[in-house]
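Participant: A single structure is presented below for examination.
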Amino acid sequence: MRADVAAVLVVGVGDNIVSVQQKDPLVVFQPSGRKGRFPVGTPLLDAARELGVYVESVCGGRGICGKCQVSVAEGHFSKLNIESRESALSEKGFNENRYAEKRGLAEGHRLSCSATLQGDVVIEIPNAFKVAGQTIRKDADTIGMVRRPAVRLYYVEVEQPDMHNPLGDADRMIKAINERFDLGKITMSHHLKVDLQKVLRKANWAVTVAIHNPDLSPEIVSICAGYSESVLGLAVDIGSTTIAAHLTDLMTGEILTSAGVANPQIRFGEDLMSRVSYVMMNDNGQQNLTKSVLGAIEGLIVQLLEITARNRDDILDAVFVANPVMHHLFLGWDPTEIGQAPFALVQSEPVNCRATDIGLTLSKGASVYLLPLIAGHVGADAAAVLLAQHPETESHPTLVVDVGTNAEIALWDGNQLLAASSPTGPAFEGAETSCGQRAAPGAIERIRIDRDTLQCRYKIIGTEEWSDQPEFDENSKVTGVTGICGSGIIEIIGEMLLAGILTQDGIIRSPQNEIDEAVLKPNGRTWSFVVREGTPHIEVTQNDVRAIQLAKAALYAGVKLLMQKSGITEVGEIRLAGAFGSYIDPAYAMLLGLVPDCPVDKVKAVGNAAGQGALIALLDVKARDRIENTVQQVTKVETALEPAFQDLFVAAMGLPNSQDEFVRTRAHFDMPAFVAPENGTDGGRPRRRSRNRTR
């Protein structure tokens with residue numbers, strides 16, 4: 001950086017010659033605040049690069065791509081002692097005028113590769129052209145992300161061969177790249193050399209190359225004739241139940257489209273251990289499961305490309321996150337050892353490979369990255385949640401729970417980060433209950449029970465009105481009422497507890513009067529609660545309640561185990577991740593004892609945090625280093641090996657818990673004070689709630 005360079009100006013004053021020392025112009029780049037002095041005539045792009053301010057330039061300063069746009073911040077900056085004006089830059093030249101004519105140049109914007117320094121100036125990098133530190137949003141709930149992808153584009157014009165220059169075409173192309181971009185030792189994927197000479201000559205020696213990992217070990221992975229800005233990335237969250245994929249423009253950070261599909265492996269087993277058992281018990285079991293998940297992902301890629309009308313060959317980077325079993329099956333690895341102690345993984349380190357290595361039909365040069373696994377049952381999806389939520393930056397104990405078929409739990413206690421996994425099963429996602437279904441139009445997602453009549457009113461997905469409103473029947477004709485999804489099941493169990501239909505140990509009581517008899521029906525030796533008469537008939541059985549108790553007890557026991565390990569008795573904040581966690585009412589989650597007692601306003605949904613983590617790793621290559629370092633600091637807890645887990649699990653079967661008092665939750669719902677159960681029961685039914693607490 002030329003921060004102290006000065007020029008000597010010789011002027012005549014009368015008959016005397018006077019030399020005056022004059023400093024080079026000062027340039028300040030905002031919002032980074034980096035500054036330095038450079039000689040008059042220095043291109044802004046060169047000044048930015050010397051100061052470490054990343055201004056993107058695909059074309060290498062030829063005035064073609066327009067990615068290097070900046071603007072002058074006009075005015076007097078007293079702290080800098082600068083009067084910043086547009087006149088501090090050179091007038092627009094041929095390249096800028098040509099770009100403005102062909103593609104348009106916004107008022108006040110300049111191409112930093114063409115505009116040169118003439119005086120002191122403050123330069124702003126417009127939001128649309130920021131790279132390092134750029135905030136990208138998919139929607140109002142998506143966290144800020146930095147765009148610094150692993151694959152970047154570089155436009156070069158290659159010197160043609162002649163008799164006096166014996167260098168090969170590939171060598172001259174690499175030389176041209178380094179003359180413009182100075183990336184160091186560059187390698188090239190072997191498959192590109194097959195047609196390289198044809199491509200260069202057809203393109204008249206002007207090409208755009210895609211380079212993977214240009215900062216550390218640059219490798220050319222794709223070559224496109226002429227100038228191009230098309231490079232895509234794929235972020236995929238492979239869940240046990242659902243696979244979600246996002247197609248992203250790596251040049252802009254924009255999520256072009258997203259799609260999801262049910263994981264077809266469900267037909268081999270609802271939960272992870274069932275799938276491991278299938279592998280163990282069947283010849284070609286692992287191959288069948290791998291083929292199944294790869295087929296689903298290929299189908300999603302086709303869908304994403306059809307929606308966006310983009311080219312498959314433009315997908316040059318892909319990031320995948322998954323739990324350990326899904327991770328191994330996706331890669332074609334046998335997950336058998338994960339199903340038994342000591343839960344050994346094939347590899348816990350991050351995976352870097354070619355898409356072709358694992359059977360994905362993307363571009364031949366496409367790279368695949370899988371985040372590291374934390375432990376035998378704590379996977380890359382949990383690592384992605386940590387990357388998205390970074391609880392370790394908080395000053396108070398923070399719990400992050402990704403609720404799904406296999407719940408990932410992370411606890412920051414203020415000093416250390418702990419992680420575990422609990423096998424909750426698919427009950428929260430509509431399976432294992434007689435009335436349950438996956439979240440889809442027609443599914444009951446909200447429900448309330450009148451404390452006097454015990455009649456239900458509910459709201460279904462796809463209709464804004466509640467069932468007791470006049471417009472409901474008409475507006476729900478298209479979907480009908482089809483069942484109860486996960487968020488609705490949580491609320492109906494909670495409402496049954498509040499209405500006195502359930503005891504605190506989860507028993508549906510017998511009817512006591514005519515009102516009870518209208519909604520409580522015999523079901524073998526137990527009772528069922530009728531939610532809806534008609535077609536379909538929807539009721540909650542004793543087995544349904546037990547399925548939810550088992551699932552929530554597994555989750556809560558895992559959380560309590562981490563709290564005991566860290567020596568804390570309460571948390572300051574709870575974040576619920578995952579599709580299910582995003583839609584459940586936090587108050588009802590605590591009412592069931594799904595998560596620890598906490599002020600309701602400190603419990604929040606954070607969306608698909610695993611998917612967000614995959615996107616962060618896709619868009620910012622340095623985020624991969626961060627999560628790899630973070631994972632090394634995590635204290636891993638295997639719940640299956642902890643003697644205390646069983647006792648915590650049994651206590652968590654109570655509603656909300658048979659040992660923990662849940663004082664805040666009881667006060668929120670106006671419930672009686674906690675009474676320790678005798679002989680494993682709650683000593684009787686709860687009192688009936690008043691009508692004004694139907695919420």
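Participant: With a 10 Å radius around each residue's Cβ, average the other Cβ atoms per peptide and rank 230-236, 379-385, highest first.
Facilitator: Descending packing order for the listed peptides: 379-385, 230-236.
Participant: Looking at region 441-544, which chymotrypsin sites (Phe, Trp or Tyr not before Pro) are DSSP coil and have at most 16 other C-beta atoms within 10 Å of their C-beta?
Facilitator: none
Participant: With N denoting the number of residues in region 539-579, provide Rg(C-alpha) divided by 2.2 N^0.38 Å, to two decimal places.
Facilitator: 1.52
Participant: Moving on to the next point. Looking only at region 453-472, which residues have a backbone nitrogen under 19 Å from a spot 7 Å from the Cα of His537 in the C-beta direction?
Facilitator: Label zone hits: 455-456.
Participant: Amide H of Gly483 versus every other amide H placed in the peptide plane: which residues, excluding those fewer than 5 positions away on the same chain, fall under 5 Å?
Facilitator: So Gly483 has HN proximity to Ile444.
Participant: On to the next question. For the chain, just give the cysteines left without a disulfide-compatible partner, judged by no other Cys Cβ under 4.7 Å.
Facilitator: Cys68, Cys113, Cys224, Cys353, Cys435, Cys456, Cys485, Cys598 - these cysteines have no disulfide-compatible partner (Cβ-Cβ under 4.7 Å) in the chain.
Participant: Separate question: Taking the Cα centroid of region 297-335 and of region 49-87, what is the distance between the two, rounded to the nearest whole Å?
Facilitator: The two parts, judged by their Cα centres, are 39 Å apart.
Participant: By how many degrees, 0 to 90 and rounded to 10, does the Cα axis of helix 285-308 deviate from the longest principal axis of the chain?
Facilitator: 60
Participant: For the ranges 604-612, 308-316, what's the packing order if you count other beta-carbon atoms within 10 Å of each residue, average per peptide, and put the highest first?
Facilitator: 604-612, 308-316
Participant: Can you divide the C-alpha Rg of region 356-472 by 2.2 N^0.38 Å and report the result to two decimal places?
Facilitator: That works out to 1.55 for region 356-472.
Participant: Using only the alpha-carbon atoms of region 497-584, report the extent along each of the three principal axes, biggest first, to the nearest angstrom.
Facilitator: Over region 497-584, Cα extents along the principal axes are 50, 26, 21 Å.
Participant: With an 8 Å cut-off on Cα pairs and a minimum separation of 6 or more residues, tell me the relative contact order of the chain in percent.
Facilitator: It rounds to 10 percent for the chain.
Participant: To the nearest 0.05, what FRET efficiency results for Thr356 and Asn513 with a Förster distance of 60 Å applied to their C-beta separation?
Facilitator: It comes out at approximately 0.30.
Participant: Using all Cα-Cα distances in region 486-525, what percent lands in each 10 angstrom bin from 0 up to the longest?
Facilitator: Final binned percentages: 28, 53, 19, 0.
Participant: Here's another thing I want to ask about it. Tally Lys and Arg at +1 and Asp and Glu at -1 over the other residues with C-beta under 11 Å from the C-beta of Glu159: what net charge comes out?
Facilitator: It works out to a net charge of -3.
Participant: Counting only protein heavy atoms and a 1.4 Å probe, tell me what percentage of region 330-474's accessible area is made up of carbon and sulfur.
Facilitator: 47
Participant: Oh, and also: Looking only at the chain, where both bridge partners belong to it, what percent of the DSSP beta bridges are antiparallel (to the nearest 5)?
Facilitator: 70
Participant: On average, how much area does the Cα convex hull of region 507-551 cover when viewed from any direction, in nm²?
Facilitator: Dividing the Cα hull surface by four gives the mean projection, 3.5 nm².
Participant: Right, next: Kirkwood hydrodynamic radius for the chain: how many Å is it when counted over pairs of different Cα atoms?
Facilitator: 28.8
Participant: When the convex hull of the C-alpha atoms of region 337-382 is computed, what volume per residue in Å³ does it have?
Facilitator: For region 337-382, the hull spanned by Cα atoms encloses 80 Å³ per residue.
Participant: Over the heavy atoms of Leu167, what accessible area does a 1.4 Å probe trace out, to the nearest 10 Å²?
Facilitator: 70
Participant: Please compare each pair in Lys67/Lys202; Lys175/Lys202; Lys193/Lys364 to a cut-off of 23 Å on the Cα-Cα distance and tell me which ones are over it.
Facilitator: Over 23 Å Cα-Cα: Lys67/Lys202.
Participant: Percentage of Cα-Cα pair distances in region 527-671 greater than 17 Å, rounded to whole percent?
Facilitator: 71
Participant: From the P(r) of region 307-413, could you give the percentage of C-alpha pairs in the tail past 23 Å?
Facilitator: It works out to 39 percent of all Cα pairs.
Participant: Taking amide H positions as placed in the peptide plane 1.01 Å from N, state which residues far from Met145 in sequence (5 or more) or on other chains have amide H under 5 Å from it.
Facilitator: Ile136
Participant: Hey, what angle do you get for helix 272-281 against the long axis of the chain, alpha-carbon based, 0 to 90 degrees rounded to 10?
Facilitator: Result, in degrees: 90.
Participant: A further question on this structure: Amide H to amide H, which residues 5 or more places from Thr257 or on other chains are under 5 Å from it, using H placed in the peptide plane?
Facilitator: Leu247
Participant: I'd like the GluC sites (Glu not before Pro) in region 364-466 restricted to DSSP loop residues with at most 16 other Cβ atoms within 10 Å, sorted by number.
Facilitator: Those that pass, being in a loop and sparsely packed, are Glu394, Glu464, Glu465.
Participant: May I pose another question? If one computes the Cα centroid of region 622-643 and of region 563-602, what distance in Å separates the two points?
Facilitator: Centre-to-centre distance over Cα atoms comes out at 21 Å.
Participant: Sorting Ser658, Ser367 by accessible area (1.4 Å probe), largest first, what list results?
Facilitator: Putting Ser658, Ser367 in descending order of accessible area: Ser658, Ser367.
Participant: Using a 1.4 Å probe, what is the accessible area per residue for the chain, in Å²?
Facilitator: Here the residues of the chain average 43 Å² of exposed surface.
Participant: What fraction, in whole percent, of alpha-carbon pairs in region 464-514 exceed 12 Å separation?
Facilitator: 73
Participant: Specify whether the C-alpha gyration tensor of region 308-350 places it in the rounded, prolate or oblate class, a ≥ b ≥ c being the square roots of the eigenvalues: rounded for a/c under 1.5, otherwise prolate if a/b is larger than b/c and oblate if not.
Facilitator: Cα axes put region 308-350 in the prolate bin.
Participant: If Rh is defined by the Kirkwood formula over all Cα pairs and Rg also comes from Cα, what ratio Rg/Rh do you get for region 620-682?
Facilitator: In region 620-682, Rg relative to Rh is 1.26.
Participant: Another question, if that's okay. With a ≥ b ≥ c the root eigenvalues of the C-alpha gyration tensor of region 48-108, is it rounded (a/c under 1.5), prolate (a/b larger than b/c) or oblate?
Facilitator: Taking the square roots of the gyration eigenvalues as a ≥ b ≥ c, region 48-108 is oblate.
Participant: Another question, then. Is region 454-560 rounded, prolate or oblate when judged by the Cα gyration tensor, a ≥ b ≥ c being the square roots of its eigenvalues, rounded requiring a/c under 1.5 and prolate requiring a/b larger than b/c?
Facilitator: Cα axes put region 454-560 in the oblate bin.
Participant: Pairing the Cα long axis of helix 621-633 with the longest principal axis of the chain, what angle in degrees results, from 0 to 90 and rounded to the nearest 10?
Facilitator: Once rounded, the angle reads 50 degrees.
Participant: Separate question: Mind checking which aspartates and glutamates have their C-alpha under 18 Å from Lys102, skipping anything on the same chain fewer than 8 residues away?
Facilitator: Result set, ordered by chain and number: Glu229.
The values are calculated or read from the model by the stated rules, or taken from the named source; none is laboratory data. Treat the numbers as computed from the prediction; the structure is a model and nothing was measured. Every residue, glycine among them, receives a Cβ derived from its backbone with ideal geometry; neighbour counts consider all protein chains shown. When the accessible area is computed, the model is the full protein with side chains, heavy atoms only, and any ligands, DNA or RNA have been set aside. Shrake-Rupley method; radii C 1.70, N 1.55, O 1.52, S 1.80 Å.
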